[in-house]
Structures are given as C-alpha cells and as structure tokens.
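What follows is a short report on a single structure.
Here, each number is a calculation from the coordinates, and none is a lab measurement. Since this is a predicted model, take the numbers as computed values, not measurements. We place every Cβ from the backbone using ideal geometry, glycine too, and count neighbours over all the protein chains shown.
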Amino acid sequence: MKTLKFLTLGYLFIALTACSSDDDNPTPVHAEEVITTVIATLTPQGGGTDVTLTSRDLDGDGPNDPLVTISGALASGTIYDGAITLSNETESPAEDITEEVEHEGDEHEFFYSTNVSGITISKEDNDSDGNPIGIETTLTTGGAGTGTLTIILKHEPTKPNNNTPAGAG
C-alpha cells in the first residue's frame, strides 16, 4: 500500500512539474485593435471640396454588412492629399485608433487598389525603418471614370514589400 501511495504521489509530482512553463519571460499579449470605422478624407490641392469615404461596421463580424458612404466626387485631373482615420465606435466616447497604428507603423501598412483607369495613389508617411505606412497619401486622378477604391490595412506585413497585399504576406 505504501508503494502505491508513493507511486501515485510521484506521478502527481511529475504531472505538475511537466505542466510548468520553461519560458521565464513570456511574450506579452497585446490585444488587437477594434476598428469599426474607417474614414478616408481626400482634400484637393489648391482648394475645392473634400471627398470623404466612410466605412462603418458597428457589429464587426456580425450579420450586417458595413455601411459605406461617399461624400462628394473626385474631379478629373486633380491631385488630392489623403488621410485615413480609424476609430472604435463600440467605446463611448469613440476611441481614435489612428495614432496607435501610426505609433506601431512597423507593424501596419495600408494598401490601396482601384479599377478606375488613370488613378495613382502614393503613400506619403513612413515607419521608423523608412517603410511606407499609408495613413497619409497623395491620390492623382486622370480622366473621368467610375469604379471602386479598396483600402486594406495589414497587421504585421512583410516590409519592405512590392506594395501589394499579397507581397506583404
């Protein structure tokens, strides 16, 4: 009977020590930002009316699609200064996420694509390593046209990359 108790205690000790972590300095867990609202503001150089593109998705991965609104229209042959703002509107008051993304610029990058012929978009801001972030942009229009503009924010992209979401991993 003593042998059985000793073996049971021995197995319990082995089981408890086997579950211990060998990592004395675990990596801190950083909660991902909740972004419910993206606003892209395009201001024509030399004056004129701003164009504002807003995507608001208050239920996140819920059943409702984001609400996308466009205020104004791009003019042909115009250069726009662009800026993105990000917020979490599930908080009250809404939390501005833009500064955090900018501060962690080496871990974030925006990617822009469009099917409108003649539009070029260049990223004007860089992270601490000199790689683009894309919160600030310059958008240049060509002739008249219609189409879509897609904006993607990648977390922990490969940098430098070929300026495509696929190239960023």
So for the range 32-153, using the alpha carbon gyration tensor with a ≥ b ≥ c as root eigenvalues (a/c under 1.5 gives rounded; past that, a/b versus b/c decides prolate or oblate), I'd call it oblate
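Quote the FRET efficiency, to the nearest 0.05, computed for residue 32 versus residue 150 with a Förster distance R0 of 35 Å and r equal to the Cβ-Cβ distance.
Numbers: r = 21 Å, r/R0 = 0.60.
It comes out at approximately 0.95.
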Taking the Cβ of residue 111 as the centre, find all other residues whose Cβ is under 13 Å away and add up their charges (Lys, Arg: +1; Asp, Glu: -1). +2
Where the Cα pairs of the range 64-115 fall when distances are cut into 5 Å bins, in %: 4, 11, 16, 23, 21, 15, 8, 2, 0
Please compute the contact order of the range 88-169 in relative form: average sequence separation of alpha-carbon pairs under 8 Å and at least six residues apart, divided by the residue count, as a percent. 30 percent
Label point distance in nm, residue 55-residue 75, each placed 7 Å from Cα along Cα→Cβ: 2.8 nm
